[in-house]
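Data first, discussion second: the structure below is written as C-alpha cells.
Each reported figure results from applying straightforward, stated rules to the coordinates on display, with no laboratory input. From a predicted model like this one, the values you see are computed outputs, not experimental measurements. Here the Cβ is made from the backbone with ideal geometry for all residues, glycine too, and neighbour counts use every protein chain on show.
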Amino acid sequence: MSVPSILVFARLANGNAGPVRVIEGQGSKLSRTMHGIAYDSVHDEIIVPVHLAGAVLVFRAGATGEEAPIRIIQGPHTHILRPETVNLDLKNNEIVVGEDGGKDVMFFPRDAHGDVAPLRTIRGEKTGLDEVRGVAVDPVRNLVVVSSRGEGKRTTGVFIFNRTDNGDVAPRAIIAGPKSGINRVRQVEVEPEQGKIFVAVKNNAESYRFADASPSPWNPEKPGFIGVWDIHDNGDVPPRGLIKGPASEMVWPAGVALNPGDREVYTIDSVSNGMYSYYMPEFFPTKKPPREQ
C-alpha cells in the first residue's frame, strides 16, 4: 500500500520522472482516502479533501515533507462526513465540497478554518444527487456543475444548479442517458470563458444498465473517456468533444484538470496509475468568445 501523499511534478515531466516535492507523513495529516485536489493560483494554496477523516486540508503550494496544513475545515458544525471532491470559486471567494456520504454539495468561505458551518448546502431528494464525485463552478454564468453517480435507479450524470442554490432544490439541467455515454462518472471541470464542461467518464462498469433499462450505444466493457459538453446542454446529449481510444492510453480516467493557457487537458488514470497530459488546441481556441452579461 502506498503512503498517503501529494506529489508535485514539473509541468513538462514525462516518463518515469520523479516529483519535485512530496507532502506526506503524520505532520501533514494526510490519510486514506483522497479522491480530489484543487489549486488556488491566486493565493498559491493546495486544497485536498480527506475522505475518512471528514476534513478539508489547505496547504501552502510550496509545502514539502511533513509540513502541516495552514488551515483545516473539520468538526460537527461543518456537516462534512465523507468529502469526495473539492474545487474553488475564486471570483466569489468560496471552497466547494462534494460528498458521497452526505450526497450533497457545500460551500465554505475560502479562508474557513476549524469547525465552521457551511454558507450554503445543496442536499435533498429534489436535487437528484447521490454519490457526488466532482464539483466545479462557472463564475461567469453563476452556475455550479456536479457529477453524481446514482445507485440503483437514481440518475448517473452531470447536474447543473444555480451557484446560489441552497437546500432541497431541483437542478436546472441534467446531462445523462444512453447518448451521453456516461455510465460511471468521476471529476468535472469547467472552462468558463467558453462555457464548456469537461467530464472524466470512468465507463467500464460490469453489467451496467441505464435507470430506464434502455441499451447504451457505448460498450460499457470498453475504457472511459474525457467528454466535453456545453454549459447549456440538457438531457441525453452526446459529448461535443472527446479524448479516448488506445492512443490516449486511458483506461479509467478518474480526474480532469485544465490548463487553458497552454491548451492542455490533464487526467489521472486509476488503472495504469499514471498521469496524462494532452495538447488540445481545438478545445481552447486562441480567440475567446465574449463573456455573457
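Some notes on this structure:
- For K103, residues with placed amide H under 5 Å, excluding near neighbours: V132
- Relative contact order (%) - the chain, alpha-carbon pairs under 8 angstrom, separation at least six: 10 percent
- Interchain or long-range residues, amide H under 5 Å from R163's placed H: L143, V144
- Once backbone amide H atoms are built at 1.01 Å from N, I80 has G75 as its partners under 5 Å, excluding neighbours fewer than 5 places away on the same chain.
- A simple charge model with +1 on the Cβ of Lys and Arg, -1 on the Cβ of Asp and Glu and nothing else charged puts the dipole of region 52-95 at about 60 debye relative to its Cα centre.
- Here the spin labels are modelled as points 7 Å beyond Cα on the Cα-Cβ line, and at R240 and A17 they lie 3.1 nm apart.
- Placing R0 at 35 angstrom, the Cβ-Cβ distance between V169 and E193 gives a FRET efficiency of 0.85 after rounding to 0.05.
- Each of the peptides 130-136, 85-91 was scored by the mean count of other Cβ atoms within 10 Å over its residues; in descending order, highest first, they stand as 130-136, 85-91.
- Backbone geometry of region 234-239 corresponds, through the Karplus equation with coefficients 6.51, -1.76 and 1.60 at θ = phi - 60°, to 3J(HN,Hα) couplings of 7, x, 7, 10, x, x Hz, x marking Gly and Pro.
- Count of lysine pairs in the chain with Cα separation under 22 Å (8 or more residues apart, or interchain): 18
- Sorted peptide list for 95-108, 183-196, criterion being average Cβ within 10 angstrom, highest first: 95-108, 183-196
- Electrostatic dipole magnitude of the chain [Cβ: Lys, Arg +1; Asp, Glu -1; Cα centre; debye, to 20]: 340 debye
- Rounded to 5, percent antiparallel among DSSP beta bridges of the chain: 95 percent
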